[in-house]
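The values are calculated or read from the model by the stated rules, or taken from the named source; none is laboratory data. Keep in mind that what you see is a predicted model, and the values were worked out from it rather than measured. Cβ placement follows ideal geometry from the backbone for every residue including glycine, while neighbour counts extend to all protein chains displayed.
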Amino acid sequence: MNTQIIETKAAFKAITDQLRHDGKSIGFVPTMGALHDGHCSLVRRAVKENDVCVVSVFCNPTQFNNAEDFEKYPRTIERDAALLEKEGVAFVFNPSPEEMYTADEMNHRFEFDFGGLDKVMEGKYRPGHFNGVVQVVSKLFDLAQPTRAYFGEKDFQQLAIIRRMAKLMNYDIEIIGCPIVREASGLALSSRNERLSAEEKRTAINISHILFESRQLTAMQNVSEVQHWVIEQINLVPGLTVEYYQIVDQDTLQPTDKWDNAIGCVTVYCGPVRLIDNVKYN
């Protein structure tokens, strides 16, 4: 299959409108590019479960708090397109920021009722980040109007917010969360891993190992104790610094003191690179 790269909203909407008119089910995978096997796992599922799979590759400026982080985010569209072609993707939407946003949209924060989901974890440390996520995903949903949309559970808070967005905005789209894909070492796959040196990558492996080990403590320790232990253990690794580690309820994302339905979400700086991961406790 030859993958077609589309750069304008009008062309993308025309294609997806025609697919729906022809009675085709559409699986949609929104990405920011620099694709890895984690993305491919979403794409494979979308290809399997739908008549047509479409993917967006768009590094979204409105969800970055740090302009330097946005500039350094890997952009590898030719490699991404070749990878997606092998996976059976029919169309890749690769717009410019100017194509996606008006100047006014770029300069004014998109407002959304997050129901408190944005006040914890990533939302607390990256104010405005999820406003940008909802802004771009809602635009993409309006254009693609897919049958199903696929998101990775590594960005667990983002997945919860997308589910709320789909409900509040009345999108008739099935939101599907897919498990974290890891390297053999346990390190969660991330586009940001490309910015890690070989030594930093070896250091970063400790993050998942400590998270997995913490599951063995739940029979003996309470939530607060395990939370403290994880932070302490990661910070003891030279080169790693915890920004936050919170154990929350999987549905509400609010802090919990019960192990039932709990998930631990962490953000760690490995050198200058900000990495996220999580572990479920049941």
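For the reader, a short list of remarks on this structure follows.
- The residues of region 223-257 that are part of a loop (DSSP other than H, G, I, E, B) and touching an Asp or Glu at 6+ places or on another chain (Cβ under 8 Å), listed by number, are 239, 256.
- Residue 207 of a type outside the set (D, E, K, R), closer than 28 Å to residue 36 by Cα and not assigned by TED's automatic domain parsing to the domain that holds residue 139: yes
- Some residue of region 205-214 being modelled with pLDDT of 95 or more, within 20 Å of the chain's Cα centre (by Cα) and β-branched (Val, Ile, Thr): yes
- Residue within region 132-149 that is surrounded by fewer than 19 Cβ atoms within 10 Å (Cβ to Cβ), within 27 Å of residue 2 (Cα to Cα) and of a type outside the set (Lys, Arg) present: yes
- The single residue among 214, 191 that is surrounded by 14 or more Cβ atoms within 10 Å (Cβ to Cβ), among the hydroxyl-bearing types (Ser, Thr, Tyr) and out of contact with any strand residue (DSSP E or B) (no Cβ under 8 Å at 6 or more places or on another chain) turns out to be 191.
- When region 90-99 is filtered for residues that are assigned to a loop (DSSP other than H, G, I, E, B) and either in contact with a Cys (Cβ under 7 Å, 6 or more places away or on another chain) or without any contact (Cβ under 8 Å) to a residue 40 or more places away in the chain (or both), only 90 remains.
- Only residues that are of a type in the set (Ser, Thr, Tyr) and in contact (Cβ under 8 Å) with a residue 12 or more places away in the chain were counted in region 100-137, giving 2.
- Being charged (D, E, K, R), more than 23 Å from residue 123 (Cα to Cα) and part of a loop (DSSP other than H, G, I, E, B) is a condition met by at least one residue of region 175-186.
- Answer residue from region 35-89, given it is of a type in the set (Gly, Ala, Ser) and part of a helix (DSSP H, G or I) and is nearest to residue 135 (Cα to Cα) among those: 67
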